[in-house]
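Here is the structure we will look at, set down as structure tokens.
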Amino acid sequence: MRMRKMSTRTIVATAFTLAMALSLAAQQTSVHPLSGRRFAQTMGAEGADWLDRAERDVEEEPDRAIDVLKIEKGSTVADIGAGSGYMTVKLAKKVGPQGRVYANDIQPAMLELLNKRITKSKIANVSVVLGMQDDPRLPVETLDLVLMVDVYHELSQPQLMLRHIRASLKPGGRLVLLEYRKEDPSIPIKPEHKMSVADAKLEVEAEGFKLTRTNEDLPRQHIVIFTKS
């Protein structure tokens, strides 16, 4: 029996269809293929009040977290999943006028709130970036540090995001995750919004990073520091 030769166009179309099917299957399972961790839903802009709650300074001690990172003046950093800009403003002050902060989010409504905040605060060293579920759209080999505060566990495409983040970091650049401790049941956060250091290590190191340090100084969150390898 004679086989029909497939055209290049047919091969490309078939490959595209297969890729879309695999992607859809991954989204439907909503679990990480290595750790089995279930992805949490992304917080919408209607939750911005929770991000800006007055109690956050006491419950999370974000200034202490930034001090732990020892970010130098003039650094270029990214705040991925910046939301309404709570951490962005702190980072902008830390890097100083010679530094730069890329404030990224996938929700235009969040970025509107962020823009209002930096305009009101007269901050000039922040670049606002509308990202995608699988790509933060950050410049290549530009960043000294990428920070995600209670964000990584919500990523629906963590492997693709990590690959883009790695590409955006300078050699030796750092990726830092702040995540509520899964190991502590007393922390009043839904289980899917917590992470263990072990899961973070397993997932992130698989995409070309090395876990170089963890810090447990914060009241409720791990500080998990990876370096681009």
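The values are calculated or read from the model by the stated rules, or taken from the named source; none is laboratory data. None of the values given here were measured: they were computed from a predicted structure. Every residue, glycine as well, gets a Cβ built from its backbone with ideal geometry; the counts of neighbours run over all protein chains shown. Heavy atoms of the whole protein, side chains included, go into the accessibility calculation; ligands, DNA and RNA do not. Shrake-Rupley method; radii C 1.70, N 1.55, O 1.52, S 1.80 Å.
Only residues that are part of a loop (DSSP other than H, G, I, E, B), open to solvent by 40 Å² or more (accessible area, probe 1.4 Å) and at negative phi were counted in the stretch 108-138, giving 4. So which residues in the stretch 59-78 are under 13 Å from Lys90 (Cα atoms), open to solvent by less than 20 Å² (accessible area, probe 1.4 Å) and part of a helix (DSSP H, G or I), if there are any at all? Hits for the stretch 59-78 are Pro62, Ala65, Ile66, Leu69.
With the condition kept exactly as written, say whether any residue in the stretch 206-216 is surrounded by fewer than 18 Cβ atoms within 10 Å (Cβ to Cβ), within 26 Å of Asp63 (Cβ to Cβ) and in contact with a Leu (Cβ under 7 Å, 6 or more places away or on another chain). No, the stretch 206-216 contains no residue that is surrounded by fewer than 18 Cβ atoms within 10 Å (Cβ to Cβ), within 26 Å of Asp63 (Cβ to Cβ) and in contact with a Leu (Cβ under 7 Å, 6 or more places away or on another chain). Only one of the listed residues (Pro185, Pro191, Pro219) is more than 18 Å from the chain's Cα centre (by Cα) and under 17 Å from His32 (Cα atoms). That residue is Pro191. Whenever a residue of the stretch 160-172 is of a type outside the set (Ser, Thr, Tyr), its partners that are open to solvent by 70 Å² or more (accessible area, probe 1.4 Å), lying with C-beta atoms within less than 6 angstrom and at least six residues away or across chains, give the pairs Ala167/Val140; Lys170/Glu141.
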